[in-house]
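J.: Structure below; questions to follow.
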Amino acid sequence: MELTTPAPANVWDDAIRTARARFTHIDPERLAAFISAQSDVHGPVSIEDFDTLTDGSGMSNGIAFFTAVIDRGEGPQRESLVLRYAPGVSLLQQKSFEDEFLTMQAVHAAGLTVPAVMWLDADGEGIGAPGFVMERVVGEIPASAMYSRGPFAKLSNEDRHRMMLEPAGFHGRLRKAAIGADRVPHLLKRGEGATPLERELSWWLKEAQLITEPDDPRFLRVKSVHDWLLANQPPVREATLIHGDAQHCNTIFRNGVPAGVLDWELAHLGYAETDIVMMVLTTEILKLTDIVVDDTPTEEEYIARYEAESGEKVEHWAYFKLCMAYRYLVGQIFAANALPNPEEMWAIVDKIVTENLAEAKAASASSQQA
């Protein structure tokens, strides 16, 4: 997958800084009172070193790091924790912190590298904003502009290439764990439709509907791709839990391997091919929005690493490439207010959609002829 349309450098970093400047203020004393009220906590809690993240990855959620002195029945202990909370005005209109909390519980219980979640404030009455507290995993997180900043920018081409393939291994292990609806039943209500693909396609279409007018050309473009995907669903295996946002910047690395995978708000019962496609797309798009680098993993290498870890073969690759491009197109609509050059980013993604739609149509026609 090779992209050639230019875009402004570090567009995602600029967007993240703009979004985070508007985030909800969190009162550490109120957070301490919320933790103190939990059933597994004995006595009052004190909070130190409270730091709200204002830079880094992600523009759809607030992040605060803090140290809490907590008594869980064995005397006061210092714990390094993270608060993940609603930013105020959410990019995702259907976001559910409760769903994310329950999903992370299930993944952690399966023995995969995800931070342990502790306390949920689903409606925000305790903290002041919906959110949850989880353990802090020590390590390095790639920047959104991962080629020019952060841990990847400091590596040799060889080491960066190796580390960029590590998330594909994690998602292979997630597929091998085969976390189904019995362990994440809350995700059955995500989207509407008779099949897992239909439910996920409808979820993204609703995101577009909630922020555009029915005659908006951007919505009509999204709707046309949605309709083709819906009408041409391939026969696929039983759906299992997938992350849904497999960008490299959602992985904490320690000693070169994943120590924790973050940001499960888009997790759903689906097919891991879309997560692998996201890694491929992110790898190439960032060469347009950040800086150009050499020797990044190829599409074939990401697939091979995933298949080696999962024990499964990638299926219907052209269809799932279009599924992810469709999601990116919706994302350009709801992120437009935070992007400094939304028209240029729309043009990049729309070009990807056009190319992937042609490829998916060709693959579908070939399959029918066979």
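The values are calculated or read from the model by the stated rules, or taken from the named source; none is laboratory data. Please read all numbers here as calculations on a predicted model, not as lab measurements. A quick note on method: Cβ atoms are made from the backbone with ideal geometry, for glycine too, and the neighbour counts reach across all protein chains shown. When the accessible area is computed, the model is the full protein with side chains, heavy atoms only, and any ligands, DNA or RNA have been set aside. Shrake-Rupley method; radii C 1.70, N 1.55, O 1.52, S 1.80 Å.
J.: As an exercise, find the ratio Rg/Rh for the stretch 130-246 from alpha-carbon atoms, using the Kirkwood inverse-distance average for Rh. Write down the numbers at each step before the final one.
T.: Numbers: Rg = 18.7 Å, Rh = 17.9 Å.
My calculation of the ratio gives 1.05.
J.: Further question: Give the angle, between 0 and 90 degrees and rounded to the nearest 10, that separates the Cα long axis of helix 11-20 from the longest principal axis of the Cα atoms of the chain.
T.: 40 degrees
J.: Highest GNM mean-square fluctuation, the chain, Cα pairs closer than 10 Å: which of ALA318, ALA231, ALA336?
T.: ALA231
J.: Can you pull the accessible area of ARG221 for me, 1.4 Å probe, Å² to the nearest 10?
T.: Approximately 60 Å² for this residue.
J.: Top mean-square fluctuation among ILE242, ILE35, ILE291, Gaussian network model of the chain, C-alpha springs under 10 Å?
T.: Ranking ILE242, ILE35, ILE291 by mean-square fluctuation puts ILE291 first.
J.: As a test of the formula, what do you get for the chain when each DSSP H run with n ≥ 4 contributes -39,500 (n - 2.57) and the sum is divided by the residue count, at 222 nm and rounded to the nearest 500 deg cm²/dmol?
T.: Values: 10 runs with 159 residues, N = 370.
Computed mean residue ellipticity for the chain: -14000 deg cm²/dmol.
J.: In nm, to one decimal, how far is the ALA37 label point from the SER148 one, both placed 7 Å along Cα→Cβ?
T.: Between ALA37 and SER148, the simple spin-label model gives 4.5 nm.
J.: Would you compute the Debye intensity of the stretch 53-177 from its alpha-carbon atoms alone, equal scatterers and no solvent, and pass along log10 I(q)/I(0) at q = 0.12, 0.23 Å⁻¹ to two decimals?
T.: Evaluating at q = 0.12, 0.23 Å⁻¹ gives log10 I(q)/I(0) of -0.59, -1.40.
J.: Please give the per residue accessible area of the chain, computed with a probe of 1.4 Å over protein heavy atoms only, in Å². Kindly include the intermediate steps, with their values, before the conclusion.
T.: On the way: 15610 Å² over 370 residues.
Per-residue accessible area for the chain comes out at 42 Å².
J.: Report the far tail of the P(r) of the stretch 30-108, meaning the percent of Cα-Cα pairs longer than 17 Å. Provide the component values of the computation, followed by the final result.
T.: On the way: 1749 of 3081 pairs.
Here the tail beyond 17 Å accounts for 57 percent of pairs.
J.: Quick check on the stretch 231-279: what are the equivalent-ellipsoid semi-axes from the Cα gyration tensor, as sqrt(5λ), descending, whole Å? Walk me through the numbers on the way to the answer.
T.: Values: eigenvalues 127, 21, 18 Å².
Each semi-axis is √(5λ); the values are 25, 10, 9 Å.
J.: Can you send over the carbon and sulfur percentage of the accessible area for the chain, probe radius 1.4 Å, protein chains only?
T.: On the way: 7790 of 15610 Å².
Ligands and nucleic acids excluded, carbon and sulfur give 50 percent.
J.: Here is a further query. Placing one identical point scatterer on every Cα of the chain and ignoring solvent, what is log10 I(q)/I(0) from the Debye formula at q = 0.08, 0.10 Å⁻¹?
T.: Scattering profile of the chain, log10 relative to I(0): -0.40, -0.63.
J.: Please report, in cubic angstrom per residue, the volume enclosed by the convex hull of the alpha-carbon atoms of the stretch 264-345. Present the calculation step by step, with values, prior to reporting the outcome.
T.: On the way: hull volume 9.9 nm³, N = 82.
About 120 Å³ per residue, rounded to a whole number.
J.: Loop by DSSP (not H, G, I, E, B), at most 11 other beta-carbon atoms within 10 Å: where is the longest site-free stretch of the chain for GluC sites (Glu not before Pro)?
T.: On the way: sites that count: GLU2, GLU74, GLU125, GLU238.
The segment 239-370 is the longest one with no such site.
J.: Where Rh denotes the Kirkwood radius from the mean inverse Cα pair distance, what is Rg over Rh for the stretch 312-366?
T.: Values: Rg = 13.2 Å, Rh = 12.0 Å.
Across the stretch 312-366, the Cα-based Rg/Rh ratio is 1.10.
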